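**Q** Before I ask anything, here is the structure I am working with.
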Amino acid sequence: MEIVIKPNCEAMSHCAGDFVEAWLSRKPDLVLGLATGSTPLGLYRELARRHRDSGLSFARVTTFNLDEYIGLPADHPQSYHSFMRESLFRRLDLDPRRTHLPDGNAADIAAECAAYEAAIRAAGGIDLQVLGIGHDGHIGFNEPSSSLRSRTRIKTLTEQTIRANARFFGGADKVPHHAITVGVGTIFEAQCCLLLATGTEKAGAVAAAVEGPLTAMCPASALQFHEFCTLIVDEAAAVGLKRRDYYRYVYDGKPDWQQWEKTGA
Ligand code: F6R
């Protein structure tokens with residue numbers, strides 16, 4: 001894993017923007033895996049700014065989101081369909097036919113999950129997967145105890161995740177209890193994973209994911225087994241990392257030619 005520690009959320013988002021842009025310049029028809037939640041919002045603003053000010057184009061990009069609530073109308077303001085439309089899609093030159101989210105209102109959820117996996121495969125697989133991390137170490141909605149080889153399926157949200165997401169819904173009682181999420185195994189097949197984290201409340205999860213044991217109790221720890229995984233975190237999210245001085249030393253000493261290559265740290 002490559003661990004990049006930036007002073008604050010803004011610097012983290014800028015750095016993540018550089019990372020995505022580097023991928024896009026190498027592969028304009030990138031297949032990009034996307035997350036929702038607060039963490040990637042700075043990155044999405046950064047991508048929108050680069051598109052607006054420097055003409056960074058997403059015209060040939062295909063996107064797949066990680067998850068969607070079950071039973072929430074797609075046009076509900078808190079659906080992930082709405083979230084992505086507002087925070088990113090409408091700000092870029094993406095082809096709407098190439099943006100994908102699971103359909104949380106499908107009549108047959110199991111068939112929808114299988115179709116989502118098939119669509120990812122048909123697109124050639126995810127090149128770059130953007131991830132946030134939950135307080136309990138979840139990625140997507142793969143809550144602790146999720147199989148580390150899981151595929152796209154229905155998951156029940158933990159009480160902690162429901163409480164954490166209550167801020168978007170104006171109360172925990174309004175948060176759906178179920179979601180479709182791509183699996184840890186699905187995430188694992190991405191060519192490269194980029195996990196972002198900000199704030200002290202994520203420090204425990206980041207430390208468990210990076211330096212803890214590989215365990216289904218912290219699904220993000222599966223990324224230790226991924227060949228090309230970069231974490232970009234701010235200082236606050238890094239406070240629990242015992243070897244943070246070493247990670248800084250490694251990153252600061254990286255030669256220019258190696259910046260944002262798939263370094264396999
Ligand atoms: C949502 C997702 C989740 C979030 C996680 C952190 O698509 O992938 O795993 O990344 O719940 O959420 P925030 O960023 O709101 O703290």
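Taken together, the values in this text are just the output of simple stated rules run on the coordinates, not laboratory data. On a predicted model such as this, the values are computed, not experimentally measured, just so you know. FYI the Cβ positions are ideal-geometry reconstructions off the backbone, even for glycines, and counts take in every protein chain you see.
**Q** Place a label point 7 angstrom from the Cα of Glu10 along the Cα-to-Cβ direction, then list the residues of region 175-208 whose backbone nitrogen is under 15 Å away.
**A** Under cut-off, by backbone N: nothing.
**Q** Another question, then. Fully extended, how many nm does the chain gain between Ala166 and Asp53 (0.36 nm per residue separation, minus their Cα-Cα distance)?
**A** Here the segment from Ala166 to Asp53 would lengthen by 37.2 nm.
**Q** Further, regarding this structure: Would you mind working out the magnitude of the charge dipole of region 14-70 relative to its Cα centre, with +1 at each Lys and Arg C-beta and -1 at each Asp and Glu C-beta, to the nearest 20 Debye?
**A** Value, rounded to 20: 220 debye.
**Q** Which Cα, out of Thr158, Tyr69, Ser25, lies furthest along the positive dipole direction of the chain (beta carbon charges, K/R +1, D/E -1)?
**A** Looking along the dipole axis, the top candidate is Ser25.
**Q** Kindly rank 172-184, 236-248 from highest to lowest mean number of other beta carbons found within 10 Å of each residue.
**A** 172-184, 236-248
**Q** Let me ask you something else. Treating only the Cβ atoms of Lys and Arg (+1) and Asp and Glu (-1) as charged, compute the dipole magnitude of the chain about its Cα centre; round to the nearest 20 debye.
**A** Magnitude of the dipole: close to 140 debye.
**Q** Can you say what percent of the DSSP beta bridges in the chain, counting only those with both residues inside, are antiparallel? Round to 5.
**A** Within the chain, antiparallel bridges account for around 25 percent of the total.
**Q** Stretched out fully, how many nm does the piece from Ala122 to Arg248 gain, at 0.36 nm a residue minus the Cα gap?
**A** Separation in residues times 0.36 nm, less the Cα-Cα distance, equals 41.5 nm.
**Q** By counting other Cβ atoms within 10 Å of each Cβ, how are His51, His138 ranked from fewest to most?
**A** By the 10 Å Cβ count, ascending: His51, His138.
**Q** Here is a follow-up. Looking at Gly212, Gly37, Cys113, which one has the Cα that reaches farthest to the positive end of the dipole of region 2-258 (charges on Cβ: Lys, Arg +1; Asp, Glu -1)?
**A** Value computed over the given set: Gly37.
**Q** Another question, then. Please give the Cα centre distance for region 196-265 versus region 47-79, rounded to the nearest Å.
**A** Region 196-265 and region 47-79 have Cα centres separated by 25 Å.
**Q** Moving on to the next point. Per DSSP H run of n ≥ 4, the term is -39500 (n - 2.57); total these for the chain, divide by its residue number, and report the mean residue ellipticity at 222 nm rounded to 500 deg cm²/dmol. Kindly include the intermediate steps, with their values, before the conclusion.
**A** On the way: 9 runs with 92 residues, N = 265.
Helix-only estimate at 222 nm: -10500 deg cm²/dmol.
**Q** On full extension of the chain, what length is gained from His178 through Ser38, given 0.36 nm per residue of separation minus the C-alpha to C-alpha distance? Kindly include the intermediate steps, with their values, before the conclusion.
**A** Values: separation 140, 0.36 × 140 = 50.40 nm, distance 1.95 nm.
Value of the extension gain: 48.4 nm.
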